[in-house]
Each structure stands twice: as structure tokens, then as C-alpha cells.
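The values are calculated or read from the model by the stated rules, or taken from the named source; none is laboratory data. On a predicted model such as this, the values are computed, not experimentally measured, just so you know. Positions of Cβ are generated from backbone atoms using ideal geometry, with glycine treated the same way; all protein chains shown enter the neighbour counts. Side chains included, ligands, DNA and RNA excluded: accessible areas come from the protein's heavy atoms. Shrake-Rupley method; radii C 1.70, N 1.55, O 1.52, S 1.80 Å.
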Amino acid sequence: MSALRAEATGYNHQETLMRLTTHRKEILDYLTHSREALSASALHSALPHINLVTIYRALDYLVAESAVKKVHLAGDEAFFEVQHEPHHHAVCTECGKVIHFTTNDAELAKEFSLPGFIISDLEVSISGRCRSHAKK
Ligand SMILES: [Zn+2]
Ligand SMILES: [Zn+2]
């Protein structure tokens, strides 16, 4: 009877915790190896057995834990990646190709210096056209 009830409500705290942890690990592994910035929906396409809500929750958790960085590229959709070192992005508006690049962040922060404002994080996102789409 109790097993039936658990089945009916679909709630088993221990099992939920374990499942979430496994999914988080799976998402983190996927992002680590893809070396790309991926949206939640792209992750869902790659890992279709994990539902989208679970992916969003796992990403929130991983971002809060600083395991994953949320990056803001062109458009409204947020992208997520594992940054092996801090870097910036250039996005092709034609094909969506993302180029990951580093700059001298200290110099850049100096360039952007705002009176009475201390920069704690600097994220540059550039839009343009990649080599294959540079021609008119
Ligand atoms: Zn392009
Ligand atoms: Zn990147």
C-alpha cells in the first residue's frame, strides 16, 4: 500500500535527491567535454532523457556553485559553459558561431573605469560576422 502511494504521488525524497545529483553530474560532464557555450534547450537536445525543468534547475545549482558560468551572448537565451579560464565571446549574427577569446582583463577594466564603481566581473560579448560570413 505504501509503495503504491509513493508511486501514485511520485515522491521519494531520497530517490529524487539521487536522481538530481546524477543529472547534475551528467550535465556538468557534458558541458566540460563539449567546450562550448550551450543553451538549456541545446543541452536538452543532447540529453533528451533529462527533462527541461530539471536541466534549468541543475544549471541554476551549478551556476550557484560556480561550477558552470552563465554567459550572455547575442539574443535573449542564456548560455552555459565550463570555463577552463575566464574569457569573452564573439558571436556571428549569421550562423550563431561562437568564438571564445581572452583579453588583458586588467587593461580592459582600466579602459572601462567608471568613477565610483568597482568592477568585479567583466564579460564582453561581441556581435559580428565570422570568416565564412564576412563577405557581402
Ligand atoms: Zn557565421
Ligand atoms: Zn566561452
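What the table below lists for this structure:
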quantity: Criterion: assigned by TED's automatic domain parsing to the domain that holds T32 and open to solvent by 60 Å² or more (accessible area, probe 1.4 Å) - qualifying residue of V53, V71, V63; calculated: V53
quantity: Qualifying residues in segment 36-46 (those that are farther than 13 Å from L59 by Cα and either assigned to a helix (DSSP H, G or I) or free of Cβ contacts under 8 Å to residues at least 24 places away in the same chain (or both)) - the one most open to solvent (accessible area, probe 1.4 Å); calculated: S45
quantity: Residue within segment 103-113 that is in contact with a strand residue (DSSP E or B) (Cβ under 9 Å, 6 or more places away or on another chain), among the β-branched types (V, I, T), within 14 Å of ligand 1 (Cβ to nearest atom) and farther than 16 Å from L31 by Cα present; calculated: no
quantity: Index of the failed condition, I118 passing every other in (1) open to solvent by 70 Å² or more (accessible area, probe 1.4 Å); (2) within 16 Å of ligand 1 (Cβ to nearest atom); (3) β-branched (V, I, T); calculated: (2)
quantity: Selection count, segment 85-102, where residues are touching a residue at least 40 places away in the same chain (Cβ under 8 Å) and either away from ligand 1 (no atom under 16 Å from the Cβ) or farther than 22 Å from K135 by Cβ (or both); calculated: 2
quantity: Test result for T32, of a type outside the set (A, V, I, L, M), in a helix (DSSP H, G or I) and within 16 Å of ligand 2 (Cβ to nearest atom); calculated: yes
quantity: Total residues in segment 82-107, condition within 30 Å of Y61 (Cβ to Cβ) and not in a loop (DSSP other than H, G, I, E, B); calculated: 9
quantity: Residue satisfying condition, being out of contact with any Cys (no Cβ under 7 Å at 6 or more places or on another chain) and under 30 Å from A134 (Cα atoms), within set S66, S41, S113; calculated: S41
quantity: Top-ranked residue in segment 74-83 [being away from ligand 1 (no atom under 16 Å from the Cβ) and either more than 15 Å from E36 (Cβ to Cβ) or free of Cβ contacts under 8 Å to residues at least 24 places away in the same chain (or both); ranked as least open to solvent (accessible area, probe 1.4 Å)]; calculated: Q83
